[in-house]
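**Q** Take this structure, written in structure tokens, and hold onto it; I'll ask about it next.
The values are calculated or read from the model by the stated rules, or taken from the named source; none is laboratory data. Remember, predicted model here, so these are calculated numbers, not experimental data. Here the Cβ positions follow ideal geometry from the backbone for every residue, glycine too, while neighbour counts run over all protein chains shown.
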Amino acid sequence: MGFVEPCVKVAVLAPVRQLFDYLLPAGLSASARVGCRVRVPFGRGIRIGIIVALEAEPSTGAKLKPVIEVLDDEALVPPELMALARWASEYYCHPPGEVFATVFPLELRRGEQARDALEEAWSLTDEGAQQLVGEARIGPRQRQVLQLAVAAPLRASTVRDFPFDARRVVRELVGRQWLEVQRLSARRASTGAPEDFLDLNEAQAAAAAAVIAGLNKFSPTLLEGVTGSGKTEVYLHLARTLQASGHQTLVLIPEIGLSEQLVQRFQRRFGDAVALLHSELSDRERALIWERCRSGESGVLVGTRSALWTPLPRLGLIIVDEEHDASFKQQEGFRYSARDVAVMRARQAAIPVLLGSATPSLESEANVARGKYRRLRLPERAGGAVPPTLRGLDVRGLPLSGGLSDALCQAMDRTLARGEQVLLFLNRRGYAPVVLCHACGWIARCSRCDARLVLHREAGKLVCHHCDTTLVLARQPPRCCENPALITLGVGTEQLEEVLRVRFPGRRVLRVDRDSMRRKGQFEAACAAVRNGEVDILLGTQMLTKGHDFPLVTLVGVVDADSRLFATDFRAAERFAQLIMQVAGRAGRGSRPGQVLVQTHHPEHPMLQNVLAHDYPTFARMALDEREAAGLPPFEALAVLRAESTQAETPTQFLAALRRDLKPGLPAEVRLAGPVPATMERRAGKFRALLMLSAMRRSALARALHELLSLIDAAPLRNRVRWHLDIDPEEVG
């Protein structure tokens, strides 16, 4: 037999659902490792891939192309993360190359060299220092940049935050030799002594001890703590224990802006040992932080769902804060649940994972009931604060001004008179959700979606909240009839703010929603203003419900609880209860008692009654019973195949053909439903339909999905639709 060149199996970073064999030339074999990136020929071009296996000979008889280049001297992805990515590709039926692409920062996906954990910086030269002395004639921007470089070198990440093009100014100063380039560790020097750790109360100490007792083995734990019970303090103590033993801690949070207090507390306790990873960072910053974590330099990584894929060689604990939050599910591209993959990563690494929430997901509740997770409870608020009282306000037949009843306004008067703060929750931004003609009934609708346009009066526009179509609100209404007269129906946060300024003159009102908090740092500044007592009435959307500690807020008003009581999605009840309990948790977190008033036209609704009784566990048990009777998750595994096209009938035809071809060989326990139109059938100019598959056993569903993907590859209409498969969907429609 002749000599056979060794081969490598490669996941090409492209949307293809298979691995590819390549020959490994003799000159490259010494440096090739599983977890290294390679440059390979692919189709008519060249692609970056990652080696997932080394093989003595090809698995097929086909003539193979050789690897062009091995890009790394060592494996960038450790074996446990390689295994996790391959598992996720199989579980979520997603192309392996795109899953591995999630592991890398953009620079590495492009084939650039891995960076050392250094950051570009500029230090002040002696000549530069002279320009700040006396009456040197330099521009004001140059002076501002030089002055900031006096105390410490000016870093690239700092330059980005200037309100002008500071990089151009820096280049000018380097050219004049007033600044000189250097490279510093991306790990910042601490700005002061770390903040002292607080003493844990009895329940917190017991929870921390229970987790610590399970170190060095897979131990999934649900930490259920009422809002304000001090879950974050438990996380901090656990991370300190892990750091002392030489291990790293991964803390996943739903959204960076909505978890700013948790992030700040980690930074104050651990200083420069903390790394933050989120979407607002530049590509270079992400690459530097990724390398800090991979090298083991960072002891604690706090980040949103993509942080889950960061190499952490000494990982000893994973914490998922607000584990119930829907933000942990990626809703486009690689549709994975960061919470669920975190549990699998902990399992493969044989380490504990802690899932924290005041309102646990029904999936986690079911796993506790099945004995898969253990439950730890923090039943009382930390610091002696008492839970708020919850009361429903029956507004049937009552006059409402901007959505506010007299009873709620009077409660606000009393609260403000005591020098306390009020938080009003209305999860509807804009001025009004409906604009219609009073003369003929015409309604402003989106031309691309089955949705109404929302009036944003401040901007003078009608906006679709689904596709962002925007129309300028004309001075004259559209010619729907001879004598048009536009009016609005419903209330949004803009209108509520307007009403509050009239009803409570002289009071400081602050609105927090996506429209009012567009600029970087605005939301953090708003939260600081509330904590500093500079705001009397705070109103806003879901942005206010997560993790914020406002000690002076003693009254929370839910302006419209009814909009979510009758939603069609099977998770609607769960989301409603979690949202109300979370927003209620903002009240009375300091030494003063809190009150929550929920305005409703359906005070007798059983779901609302459970929430008002402050009894989430009873609600969860009832909701689980309903899910089990209906054959819904978490009692059956569910997948949704969605298709869309510019042609109205094509998505349904595509899905109907798949169902017809799939059904004869389907395991008996796998159920099919559809195809049916999506809840919003037309969105962004595309018509949408869906096909649902479910089964009691996940293995049976997996076999059905494997067959379904084979049928899609051969489907005649495949190239006339866009489709995606969503495993464990957060929303069906």
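Per-residue answers, yes or no, for (1) within 30 Å of ARG688 (Cα to Cα); (2) exposed (fewer than 14 other Cβ atoms within 10 Å of the Cβ):
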{"site": "THR415", "(1), (2)": "no, no"}
{"site": "GLU420", "(1), (2)": "no, no"}
{"site": "PHE425", "(1), (2)": "no, no"}
{"site": "ALA432", "(1), (2)": "yes, no"}
{"site": "ARG448", "(1), (2)": "yes, no"}
{"site": "ALA451", "(1), (2)": "yes, no"}
{"site": "VAL463", "(1), (2)": "yes, no"}
{"site": "LEU486", "(1), (2)": "no, no"}
{"site": "LEU489", "(1), (2)": "yes, yes"}
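**Q** In addition: Go through (1) in contact with a Lys or Arg (Cβ under 8 Å, 6 or more places away or on another chain); (2) closer than 28 Å to GLU291 by Cβ; (3) modelled with pLDDT of 85 or more one by one and return the number of the condition LEU222 breaks.
**A** Among (1) in contact with a Lys or Arg (Cβ under 8 Å, 6 or more places away or on another chain); (2) closer than 28 Å to GLU291 by Cβ; (3) modelled with pLDDT of 85 or more, LEU222 violates only (2).
**Q** Can I ask one more? Output the number of residues of segment 352-386 satisfying the condition of being among the polar types (S, T, N, Q) and in a loop (DSSP other than H, G, I, E, B).
**A** 2
**Q** Within segment 516-537, how many residues turn out to be part of a loop (DSSP other than H, G, I, E, B), aliphatic (A, V, I, L, M) and under 21 Å from PRO551 (Cβ atoms)?
**A** So the count comes out to 1.
**Q** Follow-up. Answer with yes or no whether GLY392 is in contact (Cβ under 8 Å) with a residue 12 or more places away in the chain, buried (at least 20 other Cβ atoms within 10 Å of the Cβ) and touching a Pro at 6+ places or on another chain (Cβ under 6 Å).
**A** Yes; evaluated as a whole, the condition is true for this residue.
**Q** Restricting attention to segment 406-436, which residues are of a type in the set (Ser, Thr, Tyr) and part of a loop (DSSP other than H, G, I, E, B)?
**A** TYR431
To keep it simple, each residue is scored yes or no on (1) outside any helix (DSSP H, G or I); (2) in the same structural domain as ALA208 (by TED's automatic domain parsing); (3) among the aliphatic types (A, V, I, L, M); (4) under 17 Å from the mean Cα position of the chain (by Cα).
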{"residue": "THR227", "(1), (2), (3), (4)": "yes, yes, no, no"}
{"residue": "THR241", "(1), (2), (3), (4)": "no, yes, no, no"}
{"residue": "ARG268", "(1), (2), (3), (4)": "no, yes, no, no"}
{"residue": "HIS324", "(1), (2), (3), (4)": "yes, yes, no, yes"}
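**Q** A further question follows. Kindly check whether there is at least one residue in segment 568-588 that is of a type in the set (Phe, Trp, Tyr), surrounded by fewer than 20 Cβ atoms within 10 Å (Cβ to Cβ) and free of Cβ contacts under 8 Å to residues at least 24 places away in the same chain.
**A** The answer is no; no qualifying residue exists.
**Q** Report the residue count in segment 556-567 for those that are of a type in the set (Gly, Ala, Ser) and crowded, with 18+ Cβ neighbours inside 10 Å.
**A** Qualifying residue count, segment 556-567: 2.
**Q** Shifting gears a bit: Across segment 382-409, what is the total count of residues that are more than 22 Å from ALA432 (Cβ to Cβ) and of a type in the set (Val, Ile, Thr)?
**A** 2
**Q** Can you tell me which of ARG452, ARG501 is free of Cβ contacts under 8 Å to residues at least 12 places away in the same chain and closer than 20 Å to LEU426 by Cβ?
**A** Going through ARG452, ARG501 in turn, just one is free of Cβ contacts under 8 Å to residues at least 12 places away in the same chain and closer than 20 Å to LEU426 by Cβ: ARG501.
**Q** In this structure, is ALA525 surrounded by fewer than 21 Cβ atoms within 10 Å (Cβ to Cβ), over 20 Å from the mean Cα position of the chain (by Cα) and of a type outside the set (S, T, N, Q)?
**A** yes
**Q** While we're on this one: With among the aliphatic types (A, V, I, L, M), part of a loop (DSSP other than H, G, I, E, B), farther than 30 Å from ASP468 by Cα and not assigned by TED's automatic domain parsing to the domain that holds VAL16 as the only criterion, which of ALA668, ALA700, ALA704 stands out?
**A** The unique qualifying residue is ALA668.
**Q** Looking at (1) of a type in the set (A, V, I, L, M); (2) touching a residue at least 24 places away in the same chain (Cβ under 8 Å); (3) surrounded by fewer than 14 Cβ atoms within 10 Å (Cβ to Cβ), can you tell me which one ILE443 breaks?
**A** (2)
**Q** Within segment 291-304, work out how many residues are crowded, with 19+ Cβ neighbours inside 10 Å and either under 13 Å from PHE104 (Cβ atoms) or touching a Pro at 6+ places or on another chain (Cβ under 8 Å) (or both).
**A** 4
**Q** Which condition number does ALA629 fail, the rest of (1) of a type in the set (Gly, Ala, Ser); (2) under 30 Å from MET607 (Cα atoms); (3) surrounded by 14 or more Cβ atoms within 10 Å (Cβ to Cβ); (4) modelled with pLDDT under 95 being met?
**A** (3)
**Q** So which of ALA338, ALA287, ALA358 ends up being at pLDDT 95 or above and either within 14 Å of the chain's Cα centre (by Cα) or outside the structural domain of GLU74 (by TED's automatic domain parsing) (or both)?
**A** ALA338
**Q** Would you call ASP468 in contact (Cβ under 8 Å) with a residue 12 or more places away in the chain and not assigned by TED's automatic domain parsing to the domain that holds GLU233?
**A** no
**Q** (1) modelled with pLDDT of 85 or more; (2) not assigned by TED's automatic domain parsing to the domain that holds VAL499: which one isn't true of LEU404, the others all being true?
**A** (2) is the only condition that LEU404 fails.
**Q** If LEU252 satisfies every condition in (1) crowded, with 22+ Cβ neighbours inside 10 Å; (2) of a type outside the set (Lys, Arg); (3) in contact with a Pro (Cβ under 8 Å, 6 or more places away or on another chain) but one, which is the exception?
**A** So the condition that LEU252 fails would be (3).
**Q** Within segment 18-109, which helices (runs of 4 or more DSSP H) (wholly inside it) include 1 or more residues that are without any contact (Cβ under 8 Å) to a residue 24 or more places away in the chain and more than 25 Å from TRP309 (Cα to Cα)?
**A** Because the criterion is at least 1 residues that are without any contact (Cβ under 8 Å) to a residue 24 or more places away in the chain and more than 25 Å from TRP309 (Cα to Cα), the helices (runs of 4 or more DSSP H) in segment 18-109 that meet it are 26-29.
**Q** Of the residues LEU416, LEU455, only one is closer than 20 Å to ARG514 by Cβ and modelled with pLDDT of 90 or more; which?
**A** The match here is LEU455.
**Q** Any idea which of ALA639, ALA678 is touching a helix residue (DSSP H, G or I) at 6+ places or on another chain (Cβ under 7 Å) and either modelled with pLDDT of 95 or more or under 20 Å from ASP728 (Cβ atoms) (or both)?
**A** From the options ALA639, ALA678, the qualifying one is ALA639.
**Q** For residues that are at pLDDT 80 or above and not charged (D, E, K, R), tally how many sit in segment 469-500.
**A** 17
**Q** Moving on. Evaluate the following for GLU458: is it under 32 Å from the mean Cα position of the chain (by Cα) and assigned to a helix (DSSP H, G or I)?
**A** The answer is no for GLU458.
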